[in-house]
Amino acid sequence: MPTPANLKYSKTHEWVKIEGTNATVGITGHAQEALGDITFVELPKVGADVKKDSACCVIESVKAASDINAPVSGKVSEVNESLETGPESVNSDPYGAGWIFKLSNVNLSDAAGLMDATAYDAFVESE
Amino acid sequence: MKKTILYDTHVALGAKMSLFGGYEMPIQYSGILAEHKAAREAAVIFDTCHMGEFRVSGANSVSDLETILSCPVAALKTGQCRYGFLCNEKGGVVDDQIVYRMAEKEFFMVVNAATEPADFEWVRGHLSAGTRIENLSAQTAKLDLQGPGSAKIMQKLMAEPIDGMKYYTWAKNRYKNTDVLISRTGYTGEIGFEIYCSNDLGRAFWNDSLNLGALPAGLGARDTLRLEMGYPLYGHELDDCTNAAESGFTRAIDAGKKFIGSGVVLDQTQKRRLLVGIQLLGRRSARHGDTILDNNGKPAGTVTSGSFSPSLGYAVAFGYVALPASAVGNQVRIRTDRQELAGTIVEVPFYTKATGRMALKDFLS
């Protein structure tokens with residue numbers, strides 16, 4: 001699965017699409033591949049403030065549970081409720097239909113530490 | 001780190017590999033959910049070559065095994081298979097196994113991979129003079145072909161008809177002009193077969209099965225399938241420190257005979273806990289080691305296995321719970337790493353639509 005060039009990436013394998021002071025967040029193709037079949041996503045609460053690099057929700061696969069970190073700070077404005085009954089779209093379309101939550105009031109200076117697609121691919125190779 | 005004869009094949013198929021029972025084994029190929037679904041709806045094949053096989057024979061083999069195994073032995077007909085425990089003197093389980101009666105004084109035991117060396121020594125140490133035990137594990141390949149579609153595949157590959165095989169029986173058959181042993185047994189709950197043969201024939205059977213449409217399935221799906229059926233996994237629901245009677249698998253225990261450990265296992269006063277099935281409220285899973293709380297919030301037990309159940313759409317778990325809190329219908333809470341999950345004690349199997357005991361002819365037409 002190719003790594004989309006228009007997104008930014010964290011060291012904990014989340015992707016973020018920043019549009020103005022809004023952002024959309026999900027997990028990468030590498031992350032869903034490593035986790036295996038996703039069976040549950042605990043969505044964050046709309047209205048919650050999340051901090052960069054802090055766990056803000058949980059994703060479960062058949063074998064394990066894993067924290068998802070906020071790659072940038074902001075306020076949760078929307079969550080992907082379709083994941084409640086269809087968590088498998090995180091596996092099949094992690095960059096599209098498998099998006100997890102959206103943020104408003106994003107702290108844009110947080111984005112400085114994120115990787116672009118090339119750097120993320122190199123990072124995955126090195127792990 | 002040990003490998004089965006099919007290791008290279010699994011790697012070539014892109015399997016995610018992991019250590020299990022001392023062997024590098026395939027956990028999944030196309031995905032646990034896809035493999036699980038194929039087992040319930042079509043056909044899958046598992047590499048179970050890592051498991052152990054012993055032959056026990058001789059004049060006293062019946063009485064020796066009657067002492068060593070918790071299940072009935074003398075009453076088995078030739079051609080029958082029976083699930084039972086090897087217990088220690090404290091009533092703990094050394095291993096769970098299936099015993100096949102090959103002839104009046106000849107038996108075949110199938111044991112778990114991790115415990116095979118210890119089991120061999122255990123059984124050998126408890127045989128009387130003149131009873132022979134041979135460890136056939138290294139030269140025996142074992143493949144599990146499972147699923148409602150497995151019967152047609154098996155019949156295509158075997159020279160002799162299989163339609164007469166009853167559940168939990170074995171039979172000789174011929175594959176590639178060689179005698180093989182097949183049994184109508186398995187760990188998925190579906191119509192299925194286990195085949196025991198030479199290593200070369202095992203490789204051929206794997207390839208032939210795939211060519212006939214069986215999906216390769218790994219230990220990940222094997223675990224979700226068995227858990228849904230309420231089958232124990234040694235090291236989780238059963239171990240050498242846990243009273244076999246507390247597992248609740250009474251069909252494995254002959255209450256009418258003396259066997260190693262029966263002093264504890266058959267003594268009802270020694271039962272303090274019971275293994276129960278727990279249906280979780282949602283999709284979130286409890287895991288091995290999580291604490292079970294009764295409906296007053298008091299710790300009442302421990303989870304032994306837990307997973308999302310693909311066939312049911314919610315999570316299920318097994319756990320040992322103190323007798324007073326163990327009734328079916330009781331509400332429990334399970335304390336996991338991150339939160340508490342609500343659950344209810346239910347009867348097992350969790351999944352009740354499995355085909356395993358149905359008439360084979362219905363799957364051959």
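Computed values, structure above
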read-out: Among (1) touching a residue at least 24 places away in the same chain (Cβ under 8 Å); (2) within 25 Å of B:Q146 (Cβ to Cβ); (3) not in a loop (DSSP other than H, G, I, E, B), the one test that B:K77 misses; value: (3)
read-out: Criterion (loosely packed, with under 14 Cβ neighbours inside 10 Å, touching a strand residue (DSSP E or B) at 6+ places or on another chain (Cβ under 9 Å) and not acidic (D, E)) met by exactly one of B:L280, B:L293, B:L323, B:L275; value: B:L323
read-out: Unmet requirement for B:E106, which otherwise passes all of (1) farther than 16 Å from B:I182 by Cα; (2) surrounded by 18 or more Cβ atoms within 10 Å (Cβ to Cβ); (3) in contact with a helix residue (DSSP H, G or I) (Cβ under 8 Å, 6 or more places away or on another chain); value: (2)
read-out: Where a residue in the stretch B:176-193 is touching a residue at least 60 places away in the same chain (Cβ under 8 Å) and more than 15 Å from B:G356 (Cβ to Cβ) and its partner, wherever it lies, is of a type in the set (D, E) and assigned to a strand (DSSP E or B), with Cβ under 9 Å and at least six apart; value: B:L181/B:E194
read-out: Residue satisfying all of: in the stretch A:30-53; away from every other protein chain (no Cβ under 14 Å) and in contact with a Ser or Thr (Cβ under 9 Å, 6 or more places away or on another chain); nearest to A:A112 (Cα to Cα) among these; value: A:K52
read-out: Residue count, the stretch B:310-330 (criterion: more than 25 Å from B:A244 (Cα to Cα) and assigned to a strand (DSSP E or B)); value: 2
read-out: Subset tally (residues that are over 15 Å from A:M1 (Cβ atoms), within 14 Å of chain B (Cβ to nearest Cβ) and exposed (fewer than 15 other Cβ atoms within 10 Å of the Cβ)) for the stretch A:83-127; value: 2
read-out: Qualifying residues in the stretch B:1-52 (those that are free of Cβ contacts under 8 Å to residues at least 40 places away in the same chain and in contact with a helix residue (DSSP H, G or I) (Cβ under 7 Å, 6 or more places away or on another chain)) - the one farthest from B:Y234 (Cα to Cα); value: B:M17
read-out: Complete set of residues in the stretch B:11-25 that are surrounded by fewer than 16 Cβ atoms within 10 Å (Cβ to Cβ), within 18 Å of A:A34 (Cβ to Cβ) and of a type outside the set (V, I, T); value: B:G14, B:S18, B:L19
read-out: Top-ranked residue of the stretch B:326-346 - restricted to ones that are of a type in the set (A, V, I, L, M, F, W, C) and within 14 Å of chain A (Cβ to nearest Cβ), ranked as surrounded by the fewest Cβ atoms within 10 Å (Cβ to Cβ); value: B:L341
read-out: Selection status of B:A286, in a loop (DSSP other than H, G, I, E, B), at pLDDT 95 or above and either within 14 Å of another protein chain (Cβ to nearest Cβ) or surrounded by fewer than 21 Cβ atoms within 10 Å (Cβ to Cβ) (or both); value: yes
read-out: Members of the stretch B:83-103 found to be of a type in the set (D, E, K, R) and surrounded by fewer than 20 Cβ atoms within 10 Å (Cβ to Cβ), listed by number; value: B:E89, B:K90
read-out: Total residues in the stretch A:39-50, condition touching an Asp or Glu at 6+ places or on another chain (Cβ under 9 Å) and either in contact (Cβ under 8 Å) with a residue 24 or more places away in the chain or closer than 15 Å to A:S104 by Cβ (or both); value: 5
read-out: Long-range neighbours under 9 Å by Cβ, at least six apart or interchain, first residue within 13 Å of chain A (Cβ to nearest Cβ) within the stretch B:206-222, second basic (K, R); value: B:G218/B:K16; B:G220/A:K63; B:G220/B:K16; B:A221/B:K37
read-out: Answer residue from the stretch A:1-42, given it is among the basic types (K, R) and surrounded by fewer than 20 Cβ atoms within 10 Å (Cβ to Cβ) and is farthest from B:F308 (Cα to Cα) among those; value: A:K17
read-out: First in the stretch B:274-296 and without any contact (Cβ under 8 Å) to a residue 24 or more places away in the chain and within 15 Å of B:R338 (Cβ to Cβ), second anywhere and surrounded by fewer than 19 Cβ atoms within 10 Å (Cβ to Cβ) and of a type in the set (S, T, N, Q), Cβ under 9 Å, 6 or more apart; value: B:G289/B:T302
read-out: Those residues of the stretch B:1-10 which are of a type outside the set (V, I, T) and either surrounded by 14 or more Cβ atoms within 10 Å (Cβ to Cβ) or within 19 Å of B:D223 (Cβ to Cβ) (or both), in sequence order; value: B:K3, B:L6, B:Y7, B:H10
read-out: Filter result for B:A300 (more than 12 Å from B:C87 (Cβ to Cβ), over 25 Å from the mean Cα position of the chain (by Cα), at pLDDT 95 or above and crowded, with 20+ Cβ neighbours inside 10 Å); value: yes
read-out: Residue within the stretch B:268-277 that is closer than 30 Å to A:G86 by Cβ and within 22 Å of the chain's Cα centre (by Cα) present; value: yes
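The values are calculated or read from the model by the stated rules, or taken from the named source; none is laboratory data. Only a predicted model underlies this, so the values are computations on that prediction, with no experimental measurement involved. Using ideal geometry, Cβ is built from the backbone for each residue, glycine included, and neighbour counts are taken over all protein chains shown.
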